[in-house]
Amino acid sequence: MSQVSEIMKFNQNFVEHKDYEAYLTSRYPDKKILIITCMDTRLVELLPKAMNFKNGDVKIIKNAGAVISQPFGSVMRSVMVALYALEADEVIVVGHYDCGMASLNSDAMIQSIKKRGVSEQVLDTLENSGIKLTKWLRGFDNVEEGVIRSVELIKRHPLLPPNVPVHGMIIDPATGALDLVADGYKQD
């Protein structure tokens, strides 16, 4: 049985037995907080538990490394939606120790892309169109710098409402311990 078949079979049972009722909530975060964090599998259940969040408490945006690289990209658009349409009024960027983005090797990624069937012609076309894959696929040197860079990008965004605190934290993916690296309540 394929992964998708297993998901669909489980889902049918989940709906038939009304297991969803335990998760009913509104679209608005009860704690009015937006979390931007990494997609790392170790954080799926650990991060909400370590931060004392349950279903319905917060909005969570996940991507590779909790990195915001484009001030007008999809992550920042989601930040604005959370703040203006979904009643969030505080932002926390949460990176984690032992993050794969800290050791991401763009050349190795490009080799993997080729191995999985993307042609050299496609890669050349992208490069000739001004898309520098080695830059686009770059990670960060250390987690704290990555978190602070994302916090600063959010804080300096021209559409950020005044007085919205933007914090930065790093979580230990083994223990759940949090380090505060940017306190959004303190003014620069």
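The values are calculated or read from the model by the stated rules, or taken from the named source; none is laboratory data. Source: prediction; values computed, not measured. Every residue, glycine as well, gets a Cβ built from its backbone with ideal geometry; the counts of neighbours run over all protein chains shown. Surface accessibility is based on the protein's heavy atoms, side chains included, excluding ligands, DNA and RNA. Shrake-Rupley method; radii C 1.70, N 1.55, O 1.52, S 1.80 Å.
If Ala82 satisfies every condition in (1) touching a Lys or Arg at 6+ places or on another chain (Cβ under 9 Å); (2) in a loop (DSSP other than H, G, I, E, B); (3) over 25 Å from Pro173 (Cα atoms) but one, which is the exception?
Of everything listed in (1) touching a Lys or Arg at 6+ places or on another chain (Cβ under 9 Å); (2) in a loop (DSSP other than H, G, I, E, B); (3) over 25 Å from Pro173 (Cα atoms), Ala82 misses just condition (2).
In region 90-114, which residues are under 11 Å from Val143 (Cβ atoms) and in a helix (DSSP H, G or I)?
Gly100, Met101, Ala102, Ser103
When region 70-98 is examined, which residues are found to be surrounded by 14 or more Cβ atoms within 10 Å (Cβ to Cβ) and either free of Cβ contacts under 8 Å to residues at least 60 places away in the same chain or not assigned by the TED database to the domain that holds Thr175 (or both)?
The answer is Val75, Ser78, Val81, Ala82, Leu86, Glu87, Ala88.
What do you reckon, is Gly117 in a loop (DSSP other than H, G, I, E, B) and exposed (fewer than 11 other Cβ atoms within 10 Å of the Cβ)?
In short, yes.
Mind listing whichever residues of region 120-143 are in a loop (DSSP other than H, G, I, E, B) and farther than 20 Å from Gly73 by Cβ?
Residues satisfying the conditions are Asp141, Asn142.
Got a number for residues in region 17-53 being open to solvent by 30 Å² or more (accessible area, probe 1.4 Å) and among the aliphatic types (A, V, I, L, M)?
6
Which condition breaks for Lys32 when tested against (1) of a type in the set (Lys, Arg); (2) in the same structural domain as Val67 (by the TED database); (3) over 25 Å from Asp179 (Cβ atoms)?
Only one criterion is unmet by Lys32, namely (3).
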